[in-house]
Amino acid sequence: MHVDEAISSRKSVRRFLPTPVSADVVRHILEVAARAPSGNNVQPWRVYVVGGECRDKLCGAIVEAASGDPDRHQPEYAYYPTSWFEPCLERRRRCGFGLYAALGIARDDKDARQRQMLRNYTFFDAPVGLIVTLDRRLNTGSFMDVGMFIQNILVAARAQGLHTCAQAAFAWFHKIAREHLPMAASEMLLCGIALGHEDPEAPENAFITERADLSEFASFHGCDVTARSDAA
């Protein structure tokens, strides 16, 4: 798969088939992803790959915690702003409304929304889950490094014919994860990643978020953007 196709066909899949993914394929994806750039080659990421009984126990414990007293659990970093603003607010709303519309869940159906939210913690039924951490002693720049590493995982997975869903939702339950994984005290849980084969019949997988036009986020200075070389 050409890298352009891998990037453009990447999407957040929220229902996976039970089809197994071999450890060799996961190992290959991570080895490729580790070529991500990082400042001074620090390579600040760490990954815990969970499957089988380990995955089931971790997911069960987090679902129980999220169902019982979720407010007791908070992430160790702020993913979203405390005060939303445009155009981010409208994009967020369209994302949420679009997903629930695809699932046929009404805006006032709190129970159905909660059930869908809890599916995050089963990795949306994917047979393989990844837990990504960062050493808290590092600084903000390392978040960028890990972000590039995570993107590499998502793209490398597509090159293997697989799909993913990056899930910050796991960051809220780092205390539960520590009970099941050998995470050092210095490690901060950043996100989970569901990895597997897409269920093509699932309506939620047909929902794909739009992207802003190039003119909305990029400006060109001192170069002629109308000219294209023969190689372009």
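Details
- Projected label points at residue 175 and residue 214, each 7 Å from Cα along the beta carbon direction, are separated by 4.9 nanometres.
- Taking the Cα centre of the stretch 3-212 as origin and assigning +1 to Lys and Arg Cβ atoms and -1 to Asp and Glu Cβ atoms, the resulting dipole is close to 300 debye.
- If you run the Gaussian network model on the chain, springs between alpha carbon atoms under 10 Å, then out of 211, 91, 158 the most flexible one is 211.
- Inter-label distance, residue 119 to residue 93: 2.5 nm, where each label sits 7 Å from its Cα along the C-beta direction.
- Helix content alone sets the calculated 222 nm mean residue ellipticity of the chain: runs of n ≥ 4 DSSP H residues at -39500 (n - 2.57) each, divided across all residues, give -12000 deg cm²/dmol.
- Normalised convex hull volume, the chain, alpha-carbon set, Å³ per residue: 173 Å³
- Chain lengthening between residue 9 and residue 53 when straightened (0.36 nm per residue, less Cα-Cα): 12.8 nm
- Neighbour-count order for 217, 97, 123, fewest beta carbons within 10 angstrom listed first: 217, 97, 123
- Sum of side-chain charges, residue 17 neighbourhood, beta-carbon under 12 Å (Lys, Arg +1; Asp, Glu -1): -3
- Extending 7 Å from Cα along the Cβ direction at residue 31 and again at residue 80 yields two label points whose distance is 3.9 nm.
- If you take the alpha carbon atoms of the stretch 3-68 and fit the smallest convex hull around them, that volume is 163 Å³ per residue.
- Summing Cβ point charges (Lys, Arg +1; Asp, Glu -1) relative to the Cα centre of the stretch 1-56 gives a dipole of roughly 220 debye.
- The stretch 84-165 - convex hull of alpha carbons, volume per residue in Å³: 162 Å³
- The stretch 130-220: equivalent-ellipsoid semi-axes (sqrt of 5 x gyration tensor eigenvalues, Cα, Å): 27, 21, 12
Bear in mind that the values in this text are calculations on the coordinates, not laboratory data. Quick caveat, the model's predicted, so the values are computed rather than measured. FYI the Cβ positions are ideal-geometry reconstructions off the backbone, even for glycines, and counts take in every protein chain you see.
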